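The next block holds one structure in the form of structure tokens; read it before the comments.
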Amino acid sequence: MDSRILLPALLLVFGLATVLAQTAAPGIACETKNGTSCDECLKNVTCLWCIKTKSCVTYPVRTILPPHALCPLSEARWGLCWMNFQALIITLAVIGGIIIIAFLICLFCCCKCENAGSKRFEDKMQRQANKTKTKQEERKSEMKQRHEEIRKKYGLSGQNQYSKFA
């Protein structure tokens, strides 16, 4: 699975599992803690504290985020009194963006390095081909020189007799 999807999905599943796994103490509902403090309300993880109304309500697990009618995101607290949902969403979006940008930079660098490696390989193959071509030309010139020596030895060094007809 893609790592960009895996981390948020894992956080979401972990959060939902935590919310669903925790149950209120028997007979004590979140609404009974209205009028108390945020810390007192959030001792039970199924409770949500709304600063605007100073009320403690049961967290709406069917909707991942609490609806605006229940409590605005900037006023809702769950788990910690000092962190609101709006800040949490912005923080997760920034972290997700940084992870995506870092992934794209790594991907770009890896592709660039891979191309540089193939460029080095191509250069090496080109040098090897040039070396082979040079050796072949040297052998060809040596053969030509030996043929000339043989022609001189047997007196055939004159003009090619068939060049008149060409």
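Please treat every number below as a calculation from the coordinates, not as lab data. Bear in mind the structure is a predicted one, so any value in this text is a computation, not a measurement. Counting neighbours? That spans all protein chains shown, and the Cβs are built from the backbone with ideal geometry, glycine included.
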**OP:** Assuming R0 = 25 Å, can you tell me the calculated FRET efficiency for the pair Cys106 and Ala129, based on Cβ-Cβ distance, to the nearest 0.05?
**Re:** 0.15
Original post:
How far, in nm, would the chain grow between Trp82 and Thr53 when pulled straight, counting 0.36 nm per residue and subtracting the alpha carbon separation?
Top reply: 8.8 nm
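What size of dipole, in debye to the nearest 20, comes out for the stretch 100-149 about its Cα centre when the only charges are +1 on Lys and Arg C-beta atoms and -1 on Asp and Glu C-beta atoms? Could the numbers behind the result be given before it?
Working: 12 positive and 8 negative charges, 11 e Å.
So the magnitude is around 60 debye.
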Original post:
To the nearest 0.05, how large is the calculated FRET efficiency for Leu73 and Ile99 if R₀ is 30 Å and r is the Cβ-Cβ distance?
Top reply: 0.85
**OP:** Could you list which residues have their amide H under 5 Å from that of Ser55, counting only those 5 or more apart in sequence or on another chain, with H placed in the peptide plane?
**Re:** Cys50
**OP:** Using only the Cα atoms, work out Rg/Rh for the stretch 100-149, with Rh taken as the Kirkwood radius, to two decimals.
**Re:** 1.53
